[in-house]
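Engineer: I'd like to ask you about the structure that follows.
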Amino acid sequence: MYKHSKQRDMILEYLKGTKSHPTPEHIFDDLRNDHPELGIATVYRNLKMLHSQGLIKKLNLGEGADRYDADISNHYHFLCECCGNVSDLNDDDLNITFKNEDAMKIKSHELYVFGVCPECNK
């Protein structure tokens, strides 16, 4: 069990308020103007705790730094290979069917789709 932390609450609220799937460095940069006492190590430590508690998702998109998402529902992610933006994809965006065998029960899944976003495709 973790002790309550104002910094952890602040980071979680920040993640709940964005769809950008930020890196720890982006979170730190966005929060430090209003919270100069916040350190980058604090951001990393609290992201690790939030993830271990199942309150956020950690996305490893193969680009170096992990990204984070407060939407912990099963959904997919699209990474634009031009601008680097990450966006959510829902079941309606993809036509995927999981066939469950009797011996297999799927509890969760992750899918990353890579390509060019509509803005960069112009």
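Engineer: Where nothing but the Cβ of Lys and Arg (+1) and of Asp and Glu (-1) is charged, how large is the charge dipole of the chain around its Cα centre, in debye to the nearest 20?
Structural biologist: 520 debye
Engineer: Spelling out what I want: for every residue of region 83-88, take phi, set θ = phi - 60°, compute 6.51 cos²θ - 1.76 cosθ + 1.60 (Karplus), and round to whole Hz; glycine and proline get x.
Structural biologist: 9, x, 5, 10, 10, 7
Engineer: Can you send over the carbon and sulfur percentage of the accessible area for the chain, probe radius 1.4 Å, protein chains only?
Structural biologist: 48 percent
Engineer: Specify which labelled value, from [x] 0.99; [y] 1.20; [z] 1.74, agrees with Cα Rg over 2.2 N^0.38 Å derived from the coordinates of the model shown.
Structural biologist: Answer label, from the structure shown: [y].
Engineer: Using a 1.4 Å probe, what is the accessible area per residue for the chain, in Å²?
Structural biologist: On a per-residue basis, 69 Å².
Engineer: Could I ask something else about it? Rounded to the nearest 5, what % of DSSP beta bridges with both residues in the chain are antiparallel?
Structural biologist: 65 percent
Engineer: Give the lysines reachable from Lys57 as a straight Cα distance under 30 Å; neighbours fewer than 8 places away on the same chain don't count.
Structural biologist: Correct list for Lys57: Lys3, Lys6, Lys16, Lys19, Lys48, Lys99, Lys105, Lys107.
Engineer: Determine the distance separating the Cα centre of region 2-30 from the Cα centre of region 50-122; give it in Å without decimals.
Structural biologist: 19 Å
Engineer: If you don't mind, another one. Could you point to the residue in Thr18, Met49, Gly64 farthest towards the positive end of the chain's charge dipole, with +1 and -1 charges on the Cβ of Lys/Arg and Asp/Glu respectively?
Structural biologist: Comparing the listed Cα positions along the dipole, Met49 ranks first.
The values are calculated or read from the model by the stated rules, or taken from the named source; none is laboratory data. Given the structure is predicted, the values throughout are model-derived calculations rather than measurements. Note that we place each Cβ from the backbone using ideal geometry, even for glycine, and neighbour counts take in every protein chain shown. Just the protein is used for accessible areas: all its heavy atoms, side chains included, with ligands, DNA and RNA removed. Shrake-Rupley method; radii C 1.70, N 1.55, O 1.52, S 1.80 Å.
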